[in-house]
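The structure under discussion appears below in the form of structure tokens.
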Amino acid sequence: MAATSRQTRIKKAMKAAFHPELATGGEDTVKIRVCAGSTCNATGRAAVSDALTKELAKRGLSDKVEVVLTGCHGLCQEGPIAVVHPKGVFYPRLKAKDMAEIVETSVVGDDVVERLLYRDPETGDAIALEKDVPFYAGQTRIVRAENGFIDPTSIDDYLSRGGYSALAKVLADEAPDAVVDEVERSGLRGRGGAGFPTGTKWRYCRANPGEKHYLIANGDEGDPGAFMDRAILEDNPHSLVEGMLIGAFAIGADEGYVYVRHEYPLAVSRLRHALEQARERGLLGDDILGTGWSFDLKINQGAGAFVCGESTALTASIEGHRGMPRGKHIRTVAHGLWQQPTDLNNVETFANVPWIVNHGADAFAALGTDASKGTKIFSLTGKARNSGLVEVPMGATLREVIFDVGGGMQDGREFKAVQLGGPSGGCLPADLLDTPIDFENLAKHGSMMGSGGMVVVDNETCMVDFAKFFFEFTAQESCGKCVPCRVGTQRVLEILERISAGMGTEHDVELLEQLSDDIIEGSLCQLGGSAPNPVLTTLRYFRDEVMAHVVEKRCPAKVCRPLIKYVIDEDACTGCHVCLGACPTQAISGEKKQLHVIDQKLCIKCDTCRQVCKFDAIPVVDAQPALVEGRQQ
């Protein structure tokens, strides 16, 4: 009887929380969904949506056609994006001046604006519907399923699509252990990089005694080029809130934090708004859904330290201390925030939980591999044709993500490597493109899942320079607490700088390997423990390129400045004066319509001359040994 009464209270509370009149229309209504994610906002979304609203008002259609500002649609390079429903006509790279034609053709009329449609990068064929764009067709979306459909600032949009139903189910069943069992059975593993089983972590945390239990979502996401967690916070913040509520109920927490870096202002703004809405509707705070159970969330903004992505450094930061890690023999689930049992998962991990509760552990476990279940979001960047956010089942191959979903390499480019897992990830070559993406496979090949960064590089990338770029980041971001990381990363960076300057020796290569092993073995946390991965995989898969720098004093990719020089091809030069005018150091001389020359002593190798030359008359060549030796002196 009591159980029935509890379920009735929850149903009434859920009904009271939902204001359907404030939600955007159903799938059959006419509406135009405009992407209001960070990238589209940065490329002119405001002007597009304003022009669209004005055009609809001008035609007297404001009450008949709804403009919905949604979260990120994923295909970031094609922004600003708009999709006309109910058909789902996809229009990328829009400008304000296009709105009148779209309204006339696809809203008033029943046709498409051919010139504004997305075009397949391979065939050039126009693709009218969003679902047919290969970038979307090749994905399986769980966490991002509602992105591009709901207004991230509207709790009623989230509720209209089943939001908070998983929370209601969990509270009605009143069985925290069963929730832990379900998440554990689903096979969900932490999406922040370590891949620890989420249900097991919840079980440990729940079992550990303490004055109270805490729950934390790690949204720090400091990897260069990674923006998966930011997108969830910006595009569907209620999915995180609901996932954290379920996690809190499971472990017995009544207080939680979302740790977000200060550089994410839009994410923080939308999350703060979502928390306020959830409290107003009785979904967060005291007496949630009339059950007597209470849980509330606070936002803690970090100062941008990469090391604060590590759990113990993160908790130290929340406590007001400097973000520095502690020894791993003390587990956060036992002694975390203020020495109390604390569960810490990243944002994407929590966002999976409502789907698991609603669809069941078996449905989630059916996706992925034996050891890595469900889907994973990647931020695909670099030289792939389609860059943006990609969600695919675990076990999808690198080739499927980069070439099928990502559209392959940009025109004229040749795939060389992909770096996964942020600055601490490894670089994998072309012959590993058919590697399934999961925790074990990536680790076997010297890389890692990380939070989901995926940087594609081409044949014009120098792997020594690429490894140096990431080591510059990790060396700078070391908190300095332990010597192997503080000193070791600096020494490795110095060696890489010598090699890229043509001053490296074969002993330096041996020293790189030795130092890398020492840093991994001796570092206190995974910032140092994984920092050498880019170097080790470069030595493992691109050793010939490293040795060309060391032995031949040559950069095969023509990137490392001390090892290259710019010359003017006398057969191609027309004496047009364009390069001469563009050179910032006046290193180029020559009469009009006469052969120009470059003074190598004045040339700073900025690449400006090659970029402005319309006749391909300025090739980059290997520097002469004498020039390299001169620089060494």
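The values are calculated or read from the model by the stated rules, or taken from the named source; none is laboratory data. Since the model is a prediction, treat every value here as computed from it, not as a measurement. A quick note on method: Cβ atoms are made from the backbone with ideal geometry, for glycine too, and the neighbour counts reach across all protein chains shown.
Does Ser186 satisfy being out of contact with any Pro (no Cβ under 8 Å at 6 or more places or on another chain), at pLDDT 95 or above, of a type outside the set (Phe, Trp, Tyr) and outside the structural domain of Val307 (by TED's automatic domain parsing)? Spell out the reasoning first.
Values: out of contact with any Pro (no Cβ under 8 Å at 6 or more places or on another chain): yes; at pLDDT 95 or above: yes; of a type outside the set (Phe, Trp, Tyr): yes; outside the structural domain of Val307 (by TED's automatic domain parsing): no.
Considered against the rule, which asks whether it is out of contact with any Pro (no Cβ under 8 Å at 6 or more places or on another chain), at pLDDT 95 or above, of a type outside the set (Phe, Trp, Tyr) and outside the structural domain of Val307 (by TED's automatic domain parsing), Ser186 comes out as no.
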Testing Thr397 on (1) modelled with pLDDT of 95 or more; (2) crowded, with 24+ Cβ neighbours inside 10 Å, one condition comes back false. Which one is that? (2)
Sort out which residues of region 262-281 are at pLDDT 95 or above, surrounded by 17 or more Cβ atoms within 10 Å (Cβ to Cβ) and either acidic (Asp, Glu) or not in a helix (DSSP H, G or I) (or both), and write them in order of number. Arg281
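Within region 200-222, take every residue that is of a type in the set (Gly, Ala, Ser) and surrounded by fewer than 23 Cβ atoms within 10 Å (Cβ to Cβ) and give me the one that is nearest to Leu167 (Cα to Cα). Give the steps one after another, and end with the answer.
As a first pass, look at region 200-222 and keep what is of a type in the set (Gly, Ala, Ser): 207, 210, 217, 219, 222.
Among the residues that remain, those that are also surrounded by fewer than 23 Cβ atoms within 10 Å (Cβ to Cβ) are: 207, 210, 222.
Working: Ala207: 22, Gly210: 25, Gly222: 30 Å.
If we take residues in region 200-222 being of a type in the set (Gly, Ala, Ser) and surrounded by fewer than 23 Cβ atoms within 10 Å (Cβ to Cβ), then Ala207 is nearest to Leu167 (Cα to Cα).
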Inspect all residues belonging to region 24-35 and state whether any of them is in contact (Cβ under 8 Å) with a residue 60 or more places away in the chain, surrounded by 15 or more Cβ atoms within 10 Å (Cβ to Cβ) and more than 23 Å from Ser106 (Cα to Cα). no
Subset of region 414-443 [within 18 Å of Asp465 (Cβ to Cβ), assigned to a loop (DSSP other than H, G, I, E, B) and within 20 Å of the chain's Cα centre (by Cα)]: Gly425, Gly426
Report whether or not Thr349 is within 25 Å of the chain's Cα centre (by Cα), surrounded by fewer than 24 Cβ atoms within 10 Å (Cβ to Cβ) and under 22 Å from Glu440 (Cβ atoms). no
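Table: residues versus (1) at pLDDT below 95; (2) surrounded by 21 or more Cβ atoms within 10 Å (Cβ to Cβ).
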{"site": "Ser38", "(1), (2)": "yes, yes"}
{"site": "Ile81", "(1), (2)": "no, yes"}
{"site": "Lys87", "(1), (2)": "yes, no"}
{"site": "Tyr91", "(1), (2)": "no, yes"}
When Val258 is evaluated against the numbered criteria (1) over 27 Å from Val34 (Cβ atoms); (2) part of a strand (DSSP E or B); (3) modelled with pLDDT of 95 or more, which criterion, by number, is the only one it fails? (1)
Conditions: (1) in contact with a Gly (Cβ under 8 Å, 6 or more places away or on another chain); (2) crowded, with 23+ Cβ neighbours inside 10 Å. Gly336 meets all but one. Number of the miss? (1)
Quick test of your reading of the structure: Gly304 fulfils all but one of (1) in contact with a Lys or Arg (Cβ under 6 Å, 6 or more places away or on another chain); (2) surrounded by 20 or more Cβ atoms within 10 Å (Cβ to Cβ). Name the failing condition by number. (2)
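Looking at region 464-479 only, could you name the residues that are of a type in the set (A, V, I, L, M) and over 13 Å from Asn533 (Cβ atoms)? Can you show your working first?
Going through region 464-479, the residues of a type in the set (A, V, I, L, M) turn out to be 464, 467, 475.
Result: Val464, Ala475.
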Which of the residues belonging to region 55-76 are within 14 Å of Lys31 (Cβ to Cβ) and in contact with a Lys or Arg (Cβ under 9 Å, 6 or more places away or on another chain)? Leu56, Val65, Glu66, Val67, Val68, Leu69, Thr70
Could you tell me which numbered condition Gly581 fails, if it satisfies all but one of (1) assigned to a helix (DSSP H, G or I); (2) of a type in the set (Gly, Ala, Ser); (3) closer than 27 Å to Met463 by Cα? (3)
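Answer with yes or no whether Ala207 is touching a residue at least 40 places away in the same chain (Cβ under 8 Å) and either small (Gly, Ala, Ser) or not assigned by TED's automatic domain parsing to the domain that holds Gly452 (or both).
Details: touching a residue at least 40 places away in the same chain (Cβ under 8 Å): no; either small (Gly, Ala, Ser) or not assigned by TED's automatic domain parsing to the domain that holds Gly452 (or both): yes.
In short, no.
Take Asp411 and tell me if it is more than 19 Å from Thr375 (Cβ to Cβ), surrounded by fewer than 21 Cβ atoms within 10 Å (Cβ to Cβ) and out of contact with any helix residue (DSSP H, G or I) (no Cβ under 8 Å at 6 or more places or on another chain). Break it down stepwise before answering.
Values: more than 19 Å from Thr375 (Cβ to Cβ): yes; surrounded by fewer than 21 Cβ atoms within 10 Å (Cβ to Cβ): yes; out of contact with any helix residue (DSSP H, G or I) (no Cβ under 8 Å at 6 or more places or on another chain): yes.
Yes: the conditions hold for Asp411.
Just a yes or no: is a residue in region 166-173 out of contact with any helix residue (DSSP H, G or I) (no Cβ under 7 Å at 6 or more places or on another chain), touching a residue at least 24 places away in the same chain (Cβ under 8 Å) and not hydrophobic (A, V, I, L, M, F, W, C)? Talk me through it step by step, then tell me what you get.
Keep residues of region 166-173 that are out of contact with any helix residue (DSSP H, G or I) (no Cβ under 7 Å at 6 or more places or on another chain), which gives 173.
If we keep only those that are touching a residue at least 24 places away in the same chain (Cβ under 8 Å) too, we end up with none.
No.
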Under 27 Å from the mean Cα position of the chain (by Cα), among the charged types (D, E, K, R), over 30 Å from Val68 (Cβ atoms) and outside any loop (DSSP other than H, G, I, E, B) - does that describe any residue in region 200-218? yes
Anything in region 605-633 that is part of a loop (DSSP other than H, G, I, E, B) and modelled with pLDDT of 65 or more? List them, or say none. Lys605, Cys606, Asp607, Cys613, Lys614, Phe615, Asp616, Ala617, Ile618, Pro619, Ala623
Being under 14 Å from the mean Cα position of the chain (by Cα) and closer than 14 Å to Phe135 by Cα is the filter here; which residues of region 372-385 pass it? Ile377, Phe378, Ser379, Leu380, Thr381
Filter result for Asp296 (within 29 Å of Ser38 (Cβ to Cβ) and either assigned to a loop (DSSP other than H, G, I, E, B) or more than 25 Å from the chain's Cα centre (by Cα) (or both)): yes
Neighbours by Cβ (under 7 Å, 6+ apart or cross-chain): first from region 269-290, in contact (Cβ under 8 Å) with a residue 60 or more places away in the chain; second assigned to a loop (DSSP other than H, G, I, E, B) and exposed (fewer than 14 other Cβ atoms within 10 Å of the Cβ): Ile288/Ser294
